[in-house]
Structure formats: structure tokens, C-alpha cells
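The values are calculated or read from the model by the stated rules, or taken from the named source; none is laboratory data. Since we're looking at a predicted model, the values are computed, not measured. Ideal geometry is used to build each Cβ from the backbone, glycine not excepted, and the neighbour counts take in all protein chains shown.
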Amino acid sequence: MNRVVISASGLYTAPHTISNQELVTSYNAFVGQFNAANAARIVAGEVAALEESSVDFIEKASGITRRYVMDKAGVLDPQRMRPKFVPRGNDQLSMQAEMAVAAAGEALVVAGRSATEVDAVICAASNMQRPYPAMAVEIQRALGISQGYAFDMNVACSSATFALELAVNAIRCDTARSVLVVNPEICSAHLAWQDRDCHFIFGDVCTAIVVERLETATSPNAWEVLGSQLATSFSNNIRNNAGFLSRCEDRDPTERDQLFVQEGRRVFKEVCPMAAEHITRHLASLDLAPAQVRRFWLHQANLAMNQLIGRRLLGREATADEAPVILDEFANTASAGSIIAFHRHSADLAAGDLGLICSFGAGYSIGSLIVRKC
């Protein structure tokens, strides 16, 4: 079978930023309006008063200081609190496709690859803006890739690593010369911005990765994939129920929306040991130990989660050099988080250095790739 490398990555950053202070000001204005409008019901015990948020609360809970978003005004409007997007016609490039084309263009340039050399496109993200036609097929056409195949997939925050395993296997088995994996995450559109427990979590971004044969790679920052491993275990602790059946369900109009919701404390307690054990087992399958890994590019959901996983793996605090953090700037970008960390913090390592890309999230799902610098 062919030896496989990640030869290049690309990054599209959303055009607007929202600081924690801006977010808190908007959220607290919403809280004031809600509590004033429902004062009588609050006194009667029919509804609970909403609690204000704060910058300290956000940073202590997550480590996030800001986030990039596709639309800022709609999110910060206390009367709206969700992005405001202009509908696009069917003959126009879709928003996720536009993001993916930008990130993919950068990755292809770095890899030294043209559209004629890409045999597959996988669009992997936590949410797709439509069921069909597949976003990947639209991206394939927009990039001028006339051969091969394209498809969408969703494993929530592990979508990128799961897609990378499929890409790696396609190259190994000689069913593709090179595969493009794109992760367009418009997380701001499925976040409940009116929920204090999660209104600060997500940001928007798109990453892209080129996977190809080792023998054809010319990029100066190519990483050979030594192994990949996936795992899932069903849990309701992170969930998004919005879908095509929603319009057919007669729900209580006062019910919280069906978008992102999680039991954060349960997720923390359950996922951290699962991720650490998964990584340890994966490394052991290649006769490797965590201490031999030069850099861990972990899922960027919560700073405390990554710190705990680092302690479980290394028996001490992982340094910022060993496990770089990008969520302070980008917030949680779902499947793209570990890829951003890899994109930003991989070129400085030396030939022969080992690295590990790992994502974990709803499902539960965990995906990891062990790589070595060429």
C-alpha cells in the first residue's frame, strides 16, 4: 500500500471578530430586556429570571477571549441574537462553499497541486447548510476539479479527523492520487446566543488539508501519517436536534430552540478520560508513548479539558509548545479546531518529529492521527 502524507493545510478566517466584552454587553442588554418584560411572571414563579454574563465568567469557563464570525451585527443585536445572512440564489456559490474554496486554494498552492491532480473532495463539518446537493460537489465544481468524486460527512466536532482517515485510506488503497478535506464551520448559526451557559463558545472558520502519496509530495511541511484511529460511544450530553423533521413537529413555542445544547460538566468528566485513554492506546498500537510525541494538536473546545488531557498523557502540565492553544483567539470551531492548531503550529518542527492530531466531541466521537515530519 502507498505511504501517505498530509502535504499542506489552508485556513479561511471569518471577516468579523467579537470580543468577550462586546458579547457580554449585548447579552446583558438582552437579559435586562427579558427580565423587565417578564417581571410579573418572574415574581409569580412562572419563569426564572436570567442571570447576566461576564468576561471573567467566560474566560474562566473556557479560556476564550474572542471569536471570528461571518456576521457580527446580527449576533450582537439584543433583539435578534443570531447572524443575519442574505439569501443566495441557487446559481450563486453557497456560503460554506465560498469559505471552503478560499481555504482549499491556500492548501493547494502550498502543496503544489492543481485541480487536475485532486481525485476526491470531502466536506466534513458539524453542520451543513443544506441536505443536498452535497456541499462537497459544489466545492469540487467551484475549484475546477472535473474528475473523481465528492461527498459530505458529519461526525460533529470529529468530522475533520474522521474525514482524514477516509482520505488516508483512499490514498493507501490507490483509489485516489490526492484528496482534499475541507471543514467549513459556521458555528455561529447553530449556537443559542441567548443561553448564558454557551453563548460564548463558538466561532466561524474553514480549514483545508491536502492528503497525497509520500512519493509525490513536494511541500516543505509534509507529515507522513503513521496511523489513524476512530472511536464512538453514544451520548446525549451534546446534541443538536434541528433538522428537516423540525417543521413537522408541533412544539411548544416557549421551548428553547433545537440548536446546540450540552451538559458541560458531564461532557468534561466523561470525554477527558476517554480522549486520554484513546490517545494512549493509539500510540501504544505503534509501540509509542505520549512522551515521544513532540506536539499534540488537540480539539479546541475548552482550555481546561486540554490541560487535563495533557496531564493524563504526560503526568504533568503540557507546555504551550507541546499542546498549542488557538481557542483563545478562535473559540470553539468544532471540527476545524485541531486543524487550525496543526496549521498554525507545525512548520517549526524538525524532520522525524512526531505529532498527534486529535478531536473529540458529540457522539461521543474521537478521532486521532499519528504523524511524523518528513
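Against the condition at positive phi, among the charged types (D, E, K, R) and either modelled with pLDDT of 95 or more or within 18 Å of the chain's Cα centre (by Cα) (or both), how does residue 287 come out, does it pass? First the steps, then the outcome.
Numbers: at positive phi: yes; among the charged types (D, E, K, R): yes; either modelled with pLDDT of 95 or more or within 18 Å of the chain's Cα centre (by Cα) (or both): yes.
So residue 287 fits the description; yes.
The set of residues in the stretch 360-374 being buried (at least 22 other Cβ atoms within 10 Å of the Cβ) and within 16 Å of residue 211 (Cβ to Cβ) consists of 367, 368, 369, 370, 371.
Whenever a residue of the stretch 122-139 is in the same structural domain as residue 100 (by TED's automatic domain parsing) and closer than 15 Å to residue 98 by Cα, its partners that are in a loop (DSSP other than H, G, I, E, B) and of a type in the set (Val, Ile, Thr), lying with C-beta atoms within less than 9 angstrom and at least six residues away or across chains, give the pairs 139/145. Condition first: surrounded by 10 or more Cβ atoms within 10 Å (Cβ to Cβ) and without any contact (Cβ under 8 Å) to a residue 24 or more places away in the chain. Now tell me which residues in the stretch 252-264 satisfy that. Once the filter is applied, which keeps residues that are surrounded by 10 or more Cβ atoms within 10 Å (Cβ to Cβ) and without any contact (Cβ under 8 Å) to a residue 24 or more places away in the chain, the stretch 252-264 yields only 258.
Is it the case, given these coordinates, that residue 192 is of a type in the set (Gly, Ala, Ser), touching an Asp or Glu at 6+ places or on another chain (Cβ under 7 Å), surrounded by fewer than 24 Cβ atoms within 10 Å (Cβ to Cβ) and within 19 Å of residue 301 (Cα to Cα)? Talk me through it step by step, then tell me what you get.
Values: of a type in the set (Gly, Ala, Ser): yes; touching an Asp or Glu at 6+ places or on another chain (Cβ under 7 Å): yes; surrounded by fewer than 24 Cβ atoms within 10 Å (Cβ to Cβ): yes; within 19 Å of residue 301 (Cα to Cα): yes.
Judged against the criteria, residue 192 is a match.
The single condition among (1) free of Cβ contacts under 8 Å to residues at least 40 places away in the same chain; (2) closer than 24 Å to residue 153 by Cβ; (3) over 15 Å from the mean Cα position of the chain (by Cα) that residue 275 does not satisfy is (1).
Looking at the stretch 208-225, I want the residues that are farther than 13 Å from residue 172 by Cα and touching a residue at least 40 places away in the same chain (Cβ under 8 Å) and have a partner that is assigned to a strand (DSSP E or B) and of a type in the set (D, E, K, R) with Cβ atoms under 6 Å, at least 6 apart or on another chain. Which pairs are those? Listed pairs, sorted by first residue: 223/373. Could you tell me how many of the residues in the stretch 1-37 are without any contact (Cβ under 8 Å) to a residue 60 or more places away in the chain, out of contact with any Phe, Trp or Tyr (no Cβ under 9 Å at 6 or more places or on another chain) and closer than 18 Å to residue 202 by Cβ? Of the residues in that region, 3 qualify. Checking each residue in the stretch 110-167 for being among the small types (Gly, Ala, Ser) and more than 24 Å from residue 188 (Cα to Cα) picks out 111, 112, 114, 115, 120, 142, 144, 146, 148, 150, 167.
Would you mind stating whether residue 286 is exposed (fewer than 15 other Cβ atoms within 10 Å of the Cβ), hydrophobic (A, V, I, L, M, F, W, C) and touching a strand residue (DSSP E or B) at 6+ places or on another chain (Cβ under 6 Å)? It would help to see each step written out before you state the result.
Details: exposed (fewer than 15 other Cβ atoms within 10 Å of the Cβ): yes; hydrophobic (A, V, I, L, M, F, W, C): yes; touching a strand residue (DSSP E or B) at 6+ places or on another chain (Cβ under 6 Å): yes.
Taking the combined requirement at face value, the residue satisfies it.
Scan the stretch 104-121 for residues that are part of a loop (DSSP other than H, G, I, E, B) and either in contact (Cβ under 8 Å) with a residue 60 or more places away in the chain or not assigned by TED's automatic domain parsing to the domain that holds residue 154 (or both) and the total you get is 4. Restricting the stretch 231-251 to residues that are of a type in the set (A, V, I, L, M, F, W, C) and surrounded by fewer than 18 Cβ atoms within 10 Å (Cβ to Cβ) leaves a set whose member that is nearest to residue 302 (Cα to Cα) is 234.
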